[in-house]
């Protein structure tokens with residue numbers, strides 16, 4: 001299951017498919033992430049560019065590039081060049097998210113047919129360098145897309161086996177201490193709505209990844225920490241953090 005991030009030698013993580021003897025090698029044409037999709041996370045006010053406590057009227061979408069992807073046990077590398085900016089306080093946060101893996105191409109998918117396009121689900125860590133995220137005029141792209149900033153795993157659970165994906169406990173821990181605790185039922189925009197909305201704006205391709213947002217409680221991590229993302233019915237995604 002070990003894999004190196006794509007920026008190092010071109011390899012992508014492979015995830016065991018739960019309940020089978022097969023693996024899925026991830027090869028997304030795009031990673032579409034959803035910001036501010038849990039009400040309590042909106043109230044945390046992580047992004048100073050947004051009006052505090054304003055619930056989005058439409059999903060807040062941003063891209064993460066495939067170079068972010070690493071598997072379970074691989075190190076999250078905090079980029080060393082951030083120190084060159086001399087920020088008063090550097091901050092990089094893990095974010096626990098339910099990832100949806102797309103099964104087949106689709107465009108303008110109706111919400112009632114959205115699950116027909118889902119292969120399965122896994123844990124995703126939307127690692128976010130906050131200083132860059134909040135400073136870049138162009139938005140969140142760079143601060144979300146440094147190498148290793150998208151741990152994923154530990155397994156892929158097929159849609160048919162997950163039960164209700166809109167009723168799963170989700171959370172994160174840093175060094176064993178609970179930081180985030182929520183449930184996917186608390187999403188502002190449901191999984192079917194997100195798939196429909198995203199596919200209306202641009203085509204979804206087989207293997208694409210949708211990261212569906214994070215609950216409240218985001219906290220900073222540092223070199224030497226161990227981060228765990230846990231989602232009910234999927235398992236624990238565990239990665240060490242190292243300073244680059």
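The values are calculated or read from the model by the stated rules, or taken from the named source; none is laboratory data. Values in this document were obtained by computation on a predicted structure and should not be read as measured data. Note that we place each Cβ from the backbone using ideal geometry, even for glycine, and neighbour counts take in every protein chain shown.
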The lone exception for residue 87 - which of (1) under 20 Å from the mean Cα position of the chain (by Cα); (2) exposed (fewer than 15 other Cβ atoms within 10 Å of the Cβ); (3) assigned to a loop (DSSP other than H, G, I, E, B) it fails: (1)
Residue match in the stretch 126-146 (condition: under 15 Å from the mean Cα position of the chain (by Cα), at pLDDT 95 or above, under 30 Å from residue 22 (Cα atoms) and in a strand (DSSP E or B)): no
Leading residue by the ranking (modelled with the highest pLDDT) among those in the stretch 45-59 that are touching a strand residue (DSSP E or B) at 6+ places or on another chain (Cβ under 9 Å) and within 22 Å of residue 100 (Cβ to Cβ): 59
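Matching residues to (1) in a loop (DSSP other than H, G, I, E, B); (2) modelled with pLDDT under 95:
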{"residue": "7", "(1), (2)": "no, yes"}
{"residue": "12", "(1), (2)": "yes, yes"}
{"residue": "29", "(1), (2)": "yes, no"}
{"residue": "40", "(1), (2)": "no, yes"}
{"residue": "43", "(1), (2)": "no, yes"}
{"residue": "63", "(1), (2)": "no, no"}
{"residue": "67", "(1), (2)": "no, no"}
Filter result (surrounded by fewer than 20 Cβ atoms within 10 Å (Cβ to Cβ) and out of contact with any strand residue (DSSP E or B) (no Cβ under 9 Å at 6 or more places or on another chain)) within the stretch 194-207: 200
Criterion: under 16 Å from the mean Cα position of the chain (by Cα), in contact (Cβ under 8 Å) with a residue 40 or more places away in the chain and either under 22 Å from residue 117 (Cα atoms) or surrounded by fewer than 17 Cβ atoms within 10 Å (Cβ to Cβ) (or both) - qualifying residue of 210, 229, 162, 170: 210
